[in-house]
Amino acid sequence: MIRFEHVTKRYADGTTAVDDLSFEVAEGELVTLVGPSGCGKTTTMKMVNRLIEPTGGRILLDGQDIAEADPVKLRRRIGYVIQQVGLFPHRTVLENTATVPHLLGWQRKRARARAAELLDLVGLDPSVYGDRYPDQLSGGQRQRVGVARALAADPPVLLMDEPFGAVDPVVREHLQTEFLRLQSQVRKTVLFVTHDIEEAVRLGDRIAVYGSGRIEQFDTPATVLGAPATPYVADFVGADRGLKRLSVTPIEPADLEQPPVVHLDDPLPEAVARLAAEGARWAVVLDDADRLHGWISRRRGGRRHGRQGDGHGLRGGRGHGRRAGRPRAAGTGGGTDGGPAGRGTGGGTVRDRARRMEAWLPVGAPLKQAFATMLQYDAGWIAVLDDDRFLGVLTPARLHQALRRSIDADARDIARSDVSLETIAGS
Ligand SMILES: Nc1ncnc2c1ncn2[C@@H]1O[C@H](COP(=O)(O)OP(=O)(O)OP(=O)(O)O)[C@@H](O)[C@H]1O
């Protein structure tokens with residue numbers, strides 16, 4: 001979709017900003033350009049919409065050399081989001097968002113309808129924010145308007161130059177999450193400039209790690225983290241790359257432990273006896289449709305304090321279910337209060353003592369999310385589901401194993417020759 005062929009940019013003062021750059025961005029792919037200040041990322045990006053002209057090589061967009069395209073028409077096919085956003089201060093949010101459709105000669109009504117749709121898509125209610133002016137928005141909201149405006153004319157290509165650089169880390173993470181969700185819907189071909197390796201890893205289908213004016217490595221986040229192609233890249237991704245790797249390693253079924261499983265309507269004495277026989281201190285509780293309900297502790301104390309037998313308890317929390325998608329309510333009763341009080345193991349069913357389980361994730365979620373969920377719920381394990389189906393539990397030990405597996409697999413399986421490496425002869 002976007003192809004750089006031996007592209008060089010030398011400024012009049014002799015600075016070589018970009019040196020013999022060759023790489024390709026596939027249709028619908030998000031490539032992050034990451035590297036230290038002054039390494040040529042912005043220059044690379046601005047050559048795509050011809051705000052900067054290369055001094056050598058060529059750039060093809062959908063097979064067409066952009067040097068032969070009319071710059072104005074070219075820019076209509078390319079959305080552009082920058083850190084300073086550049087909203088018009090005297091125009092409302094809706095008018096700002098409708099800028100490009102207006103320029104394209106759309107009728108006012110259609111342009112405004114499209115703008116409202118886009119604002120909605122980036123999480124801003126047009127009936128609340130549409131008539132505001134940019135200075136009546138927070139920094140994060142302004143960035144969202146910037147993204148909406150860039151998407152308004154539905155361009156196939158999006159250039160984003162540190163779009164979330166000016167907001168605080170919490171808002172930044174929100175914007176990243178929202179942008180990933182948006183991108184999964186609109187599937188634009190995106191070049192995204194950042195100097196933050198975390199952001200590059202989180203957002204990029206592939207990452208181009210820049211040295212000075214050249215790409216040191218161009219590959220998937222997992223490969224860049226697991227098999228840095230050069231000492232420079234290893235240094236740039238940092239000594240804590242195991243931690244960053246958590247972001248790109250998914251939970252797999254093989255990573256899971258299989259604790260005893262009991263059902264809500266099982267007789268409690270039988271369930272407790274089974275736990276004792278298996279030497280287990282707790283079991284996962286499923287409903288009669290085998291959906292996750294929660295867990296049960298062998299000891300009654302587990303019920304009262306909500307702590308698991310291994311000392312790492314689970315607190316029922318709020319919000320998590322919204323984030324990860326909550327399984328359908330499993331069964332009735334049970335719950336944190338566990339049902340009729342005072343019933344011992346002498347009778348009743350598992351339902352009477354089962355506790356609800358909030359700490360769960362879908363299979364395939366990144367290990368980092370698993371780690372965060374464990375911390376959030378103070379949980380010694382989290383349940384892993386495939387849709388509604390319970391697959392097993394992830395413990396800290398298994399999480400560590402999964403991380404090791406992922407690192408070892410790269411070290412073992414990825415031959416240097418398999419790593420698509422774009423290097424340019426040095427000086
Ligand atoms: N108009 C110009 N004239 C001369 N040199 C320039 C010009 N614009 C940029 N440069 C130089 O080109 C190099 C690459 O700049 P560029 O803006 O592409 O870097 P960057 O990686 O985007 O940096 P940052 O992360 O700080 O934005 C830098 O050394 C910069 O000083």
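Please tell me if GLU27 is more than 25 Å from GLU198 (Cβ to Cβ), within 16 Å of the ligand (Cβ to nearest atom) and either in a loop (DSSP other than H, G, I, E, B) or not assigned by TED's automatic domain parsing to the domain that holds LEU203 (or both).
No, not satisfied.
Mind checking which residues of the range 246-273 are under 30 Å from the mean Cα position of the chain (by Cα) and in a helix (DSSP H, G or I)?
Answer for the range 246-273, where residues must be under 30 Å from the mean Cα position of the chain (by Cα) and in a helix (DSSP H, G or I): PRO253, ALA254, ASP255.
Tell me the helices (runs of 4 or more DSSP H) entirely within the range 157-235 that contain at least 2 residues that are within 16 Å of the ligand (Cβ to nearest atom).
In the range 157-235, 197-203 are the helices (runs of 4 or more DSSP H) which contain 2 or more residues that are within 16 Å of the ligand (Cβ to nearest atom).
So which residues in the range 100-119 are at pLDDT 85 or above and in a helix (DSSP H, G or I)?
Hits for the range 100-119 are ARG108, LYS109, ARG110, ALA111, ARG112, ALA113, ARG114, ALA115, ALA116, GLU117, LEU118, LEU119.
Go through (1) touching a Pro at 6+ places or on another chain (Cβ under 6 Å); (2) farther than 17 Å from ALA153 by Cβ; (3) surrounded by 13 or more Cβ atoms within 10 Å (Cβ to Cβ) and name the single condition ARG77 misses.
Failing condition for ARG77: (2).
Spot the failing condition for THR55; the list is (1) more than 18 Å from LEU159 (Cβ to Cβ); (2) within 15 Å of the ligand (Cβ to nearest atom); (3) buried (at least 20 other Cβ atoms within 10 Å of the Cβ), and only one is missed.
Evaluating THR55 over (1) more than 18 Å from LEU159 (Cβ to Cβ); (2) within 15 Å of the ligand (Cβ to nearest atom); (3) buried (at least 20 other Cβ atoms within 10 Å of the Cβ) leaves (3) as the failure.
Among the residues of the range 1-17, write down those that are part of a strand (DSSP E or B) and either more than 7 Å from the ligand (Cβ to nearest atom) or free of Cβ contacts under 8 Å to residues at least 24 places away in the same chain (or both).
Within the range 1-17, ILE2, ARG3, PHE4, GLU5, HIS6, VAL7, THR8, LYS9, ARG10, THR16 meet the criteria.
Looking at (1) over 30 Å from the mean Cα position of the chain (by Cα); (2) at pLDDT below 95; (3) away from the ligand (no atom under 15 Å from the Cβ), which one does ASP20 not meet, given that it meets all the others?
Of (1) over 30 Å from the mean Cα position of the chain (by Cα); (2) at pLDDT below 95; (3) away from the ligand (no atom under 15 Å from the Cβ), only one is false for ASP20: (3).
From the list ALA289, ALA276, pick out the single residue that is at pLDDT below 90, at negative phi, over 34 Å from the mean Cα position of the chain (by Cα) and of a type outside the set (D, E, K, R).
It is ALA276.
Count, please, the residues in the range 169-207 that happen to be hydroxyl-bearing (Ser, Thr, Tyr) and under 16 Å from PHE218 (Cβ atoms).
2
For the range 36-44, does any single residue satisfy the condition of being within 16 Å of the ligand (Cβ to nearest atom), surrounded by 13 or more Cβ atoms within 10 Å (Cβ to Cβ), outside any helix (DSSP H, G or I) and at pLDDT 90 or above?
Yes; the residues of the range 36-44 include at least one that is within 16 Å of the ligand (Cβ to nearest atom), surrounded by 13 or more Cβ atoms within 10 Å (Cβ to Cβ), outside any helix (DSSP H, G or I) and at pLDDT 90 or above.
Regarding ASP62, is this residue out of contact with any Ser or Thr (no Cβ under 8 Å at 6 or more places or on another chain) and in the same structural domain as ALA234 (by TED's automatic domain parsing)?
Yes; evaluated as a whole, the condition is true for this residue.
The values are calculated or read from the model by the stated rules, or taken from the named source; none is laboratory data. Source: prediction; values computed, not measured. No Cβ is skipped: glycine too gets one built from the backbone with ideal geometry, and neighbour counts run over all protein chains shown.
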